Amino acid sequence: MRVKSVFITGASSGLGLELAKLYKSKGWRVGACARRADVLNMLKEKYGFETYAVDVVDRDQMSQAIEDFSKEGLDLVIANAGKSYEKKTRLPNFSVGRELIDINLLGVMNTFEPAVNKMLEQNHGQLAAISSIAALNGLPGVSAYSASKAAVAKLCESLGLDLARENISVTCIFPGFIDTPLTQKNPHPMPSMISVEEAANKVYEGISKKKRKVFFPFKFTMMVRILALLPRSIYAKIMSMKKFNYSLEE
Ligand SMILES: NC(=O)c1ccc[n+]([C@@H]2O[C@H](COP(=O)([O-])OP(=O)(O)OC[C@H]3O[C@@H](n4cnc5c(N)ncnc54)[C@H](OP(=O)(O)O)[C@@H]3O)[C@@H](O)[C@H]2O)c1
């Protein structure tokens, strides 16, 4: 039987690394992509991943990497690479915002484009992207992060409709807080934070079931989904409360 293959971006740390380890432990071929070549070399040695030191913002290099990895087929691609604001400020920083859109949104498109080309050729496959619960409501201090994740969610929803007849399914993941290097920089409380191992298992389970949307942890994401249903004037009143804004820097 042919060994299944998955290409994962942002696999040098946090959720992406945990997913790469999990898929490898289940017998999959794993293509691990990130920018830091030294970290990837170490992971190649330790776990046997096939590594690609590529920036997801570089469309040509991403095409090359995915084409190279997929010569014997591509079952799944997980667009996980992402970045958030290091400083959450009261007034918007548009240059950081542009960088986040480049990585979090265009990076997903640069990952999906060559994957879809391969999947159309072989007539099967699955695309998955890591969005966030930040996609569900515009959150204070992280405008472009919320915008990039909302755009990824809609990108996945549309592609799921467009590609269903081609036997390509699309899964969008909406995690709450996960304990990774990305959140370890946050100065504010992070309710219902879960471990990276638990998060990777939830992602694996949702992808295996070919769900269109995956939310976790259940209670916290349900609360955020209910918040998204409120009239925006009530949402704005709730978010103007001191406890939601105290961590924003001037
Ligand atoms: N942690 C959370 O609470 C949480 C919640 C919701 C959603 N998410 C999403 O989950 C995903 C993974 O986040 P994480 O928490 O695991 O963060 P992380 O530990 O900071 O990992 C981010 C990964 O993305 C890679 N990366 C960043 N920019 C890249 C680029 N331009 N090209 C290629 N790789 C790039 C990084 O590797 P290099 O630096 O080596 O390139 C690293 O491997 C992100 O999309 C994030 O938005 C996280």
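The values are calculated or read from the model by the stated rules, or taken from the named source; none is laboratory data. Owing to the predicted nature of the structure, the values given are computational and were not obtained by experimental measurement. Neighbour counts are summed over all protein chains in view; Cβ atoms, including those assigned to glycine, are modelled from backbone coordinates with ideal geometry. Side chains included, ligands, DNA and RNA excluded: accessible areas come from the protein's heavy atoms. Shrake-Rupley method; radii C 1.70, N 1.55, O 1.52, S 1.80 Å.
Here the spin labels are modelled as points 7 Å beyond Cα on the Cα-Cβ line, and at residue 184 and residue 4 they lie 3.0 nm apart.
A 1.4 Å probe run over the chain, with the rest of the protein chains in place, finds 52 Å² accessible per residue. In degrees from 0 to 90, rounded to the nearest 10, what is the angle of the helix 59-69 Cα long axis to the longest principal axis of the chain? Rounded to the nearest ten degrees, it is 50.
Each Lys and Arg adds +1 at its Cβ and each Asp and Glu adds -1 at its Cβ; summed about the Cα centre, the chain shows a dipole of about 980 debye. Expressed as a whole percent, the accessible surface of segment 1-158 that belongs to carbon and sulfur atoms is 51, based on a 1.4 Å probe. Given R₀ = 22 Å, what would the calculated FRET efficiency be for residue 204 paired with residue 60, taking r from the Cβ atoms and rounding to 0.05? Plugging the Cβ-Cβ distance into 1/(1 + (r/R0)^6) gives 0.10. Placing a label point 7 Å from the Cα of residue 154 along the Cα-to-Cβ direction, the residues of segment 86-121 with a backbone N closer than 18 Å are 98, 100-110.
Counted residue by residue at 0.36 nm each, then reduced by the alpha carbon distance between them, the extension gain from residue 243 to residue 192 reaches 16.7 nm. Take every Cα pair under 8 Å whose residues are at least 6 apart in sequence, average their separation, divide by the length of the chain, and the relative contact order is 18 percent.
With a cut-off of 17 Å on the backbone N, the residues of segment 171-199 near the modelled label site 7 Å out from residue 230 along Cα-Cβ are 191.
Over segment 5-245, the pair-distance histogram of Cα-Cα distances with 10 Å bins from zero comes to 8, 32, 38, 17, 5, 0 percent, rounded to whole numbers.
Residue pairs exceeding 21 angstrom between C-alpha atoms, taken from 154/243; 26/118; 88/219; 149/185; 24/44; 185/210: 154/243; 26/118; 88/219; 185/210.
Could you please state, rounded to a whole Å, how far the C-alpha centre of segment 152-167 is from the C-alpha centre of segment 55-70? Centre-to-centre distance over Cα atoms comes out at 21 Å.
Across the options 169, 51, 73, the greatest Cα extent toward the positive end of the charge dipole of the chain (unit charges at beta carbon of Lys, Arg, Asp, Glu) belongs to 169. Judged by a Cβ-Cβ distance under 4.7 Å, the unpaired cysteines of the chain are 33. Subtracting the Cα-Cα distance of residue 212 and residue 67 from 0.36 nm times their residue separation leaves 49.7 nm of extension gain. Inter-label distance, residue 91 to residue 46: 4.3 nm, where each label sits 7 Å from its Cα along the C-beta direction.
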